[in-house]
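What follows is a short report on a single structure.
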Amino acid sequence: MTDRHTTGVSPDERPLTAAFRADGRPANIADYEAAGGYEALRTALRELAPAEVTKLVSDSGLRGRGGAGFSTGGKWSHVPVGDMAPAIKYVVCNGDEMEPGSFKDRHLIEGNPHLLIEGMALACYAIQARTGYIFLRAQYDKPYALLTQAIAEAKAKGYLGEHILGSGFSLEIYLHVSIGRYMCGEASAMLNALQSDRPNPRWRPPHMASAGLWSRPTVVNNVESLCCVPPIVRLGPERWKSLGLTDEGGTRMYGVSGRVNRTGAWELPVGTPMREVIEQHAGGMRDGFALRAVLPGGASTPFVPAEAIDVIMDFDHMKEAGYSLGTGTALLVDDSVCPIGLVRNLVRFFAQESCGWCTPCWGGLPWAADVLNDIEEGRGRLSDLDLLEEQCWFMGEDMCFCDLAPSATKPLGAALKLFRDDFERHIREERCSYGPVGQPAGQRSLRGPGPDGGH
């Protein structure tokens, strides 16, 4: 599925995957220590005050790798520390990873679970939390087993538990297996689920830094964000920033799924062009398939047309070009795929995963899915396209309680512009003109819909 190493690159240039084994087996604690593992934790506990760890992360410019791109150090700096701060605080890692097309966090855990454990420990030390939780997707059986083993190994070596490495700082990390709801990608909804409450988003303020899990100060980061912390502390923020190709700095996981020659995830410098990721690391499109568009960061990002894939993949350059980096894991749309059917499936997913907390989301997403289904199956009207565009506005950021519905409208709104001819042809011909999905272009024939709408 993935390349384990990049040849000719030193471990310090690819610190997230430095301890990955060439045989594909998960790294154990000895493998990780041989690659510099837990050196950052030793340094922090012996030489750095908690606020200094936070400053290192802030100075590195690390932005969250869960999609939104908030400053990681900025999150930590809002948590009260010191003698007058609350005694009970938490760090929660969101490992639910329910975004369709995203698998980088699972890849990191399965390659080296100890990197996440050390990142959690450093985050807990920085805000002086004695308890950490890893909120893990229920279907991730292998990551659960690996993290369970890694926590036990870390405790046996003195990296977790009471008075870690003789420092006086104590920490316990617990695994929480979620039932797997996309809504738990929203941090406050995830905290509610962790408390055994319904996973609805919370009003803000108060913010999680002051009242998060069980109303205690809490930091929430995703897997990859926390995995970046040990190399930042070990290498220093300036060295970390130098690993990137743009001002954002560092490395990150880029993934590709679709009809390419090598699907997978690769650790690359931040700012790697999308074309390089697709054509060099993923090996380009398979014979007989042509690229039409890319969802660059999971299913909740707008389409990037094939002619625009020279865009630089960092948060700022993607935003300037009118796109979103999201999780950095790209879904490729080729010419065998009906874009209307694709978007319909995505909107159906988001409608199913809505918590039902606000009207535009719980009412608007199922309605949009029904309209798309009518278009796909030959019952659409040209006026439906204007209604869908209006619905995208109605489910926008200023209309909804959280980002689920606004994120769901990004691929839909972009599809209505990029694939307008496909929408209109479906409506005029009252059928889907695409053959079976996955059949190369030269072997397809135009035909009307069968019982499943032509797919």
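Laboratory data are not the source of any read-out in this text; all were calculated from the coordinates shown. Quick caveat, the model's predicted, so the values are computed rather than measured. Here the Cβ positions follow ideal geometry from the backbone for every residue, glycine too, while neighbour counts run over all protein chains shown.
Just a few scattered comments:
- Helical mean residue ellipticity (222 nm; -39500 (n - 2.57) per DSSP H run of 4+; nearest 500) of the chain: -11000 deg cm²/dmol
- The length gained on full extension between Arg428 and Ser210, counted as 0.36 nm times the residue separation minus their Cα-Cα distance, comes to 72.9 nm.
- With the simple model of a label 7 Å out from the Cα in the direction of the Cβ, Tyr174 to Glu397 spans 3.6 nm.
- Of Ala154, Pro231, Val256, farthest towards positive along the dipole that unit charges on Lys, Arg, Asp, Glu beta carbons give segment 145-267: Val256
- Ignoring lysines fewer than eight residues from Lys410 along the same chain, the ones with Cα atoms less than 19 angstrom from its Cα are Lys319.
- Charge dipole of the chain (Cα centre as origin; +1 on each Lys and Arg Cβ, -1 on each Asp and Glu Cβ, all else neutral): 760 debye, rounded to the nearest 20.
- Given Lys55/Lys241; Lys89/Lys142; Lys89/Lys155, the pairs whose alpha carbons are separated by over 22 Å: Lys89/Lys142
- Ascending count of other beta-carbon atoms within 10 Å, so fewest first, for Met190, Met395, Met285: Met285, Met190, Met395
- Nonlocal amide H pairs with Ala293, under 5 Å, H built at 1.01 Å: Ala306, Val333
- Dimensions in Å of the chain - Rg and Dmax from alpha carbons: 22.7, 74
- A cut-off of 5 Å between modelled amide H atoms, ignoring neighbours fewer than 5 places along the same chain, links Asn222 with Arg65, Gly66, Asn94.
- Inter-site label distance for Arg25 and Lys157 at 7 Å from Cα along Cβ, in nm: 1.6
- Close amide H partners of Ser170, meaning residues 5 or more places away or on another chain with modelled amide H under 5 Å apart, are His163, Ile164.
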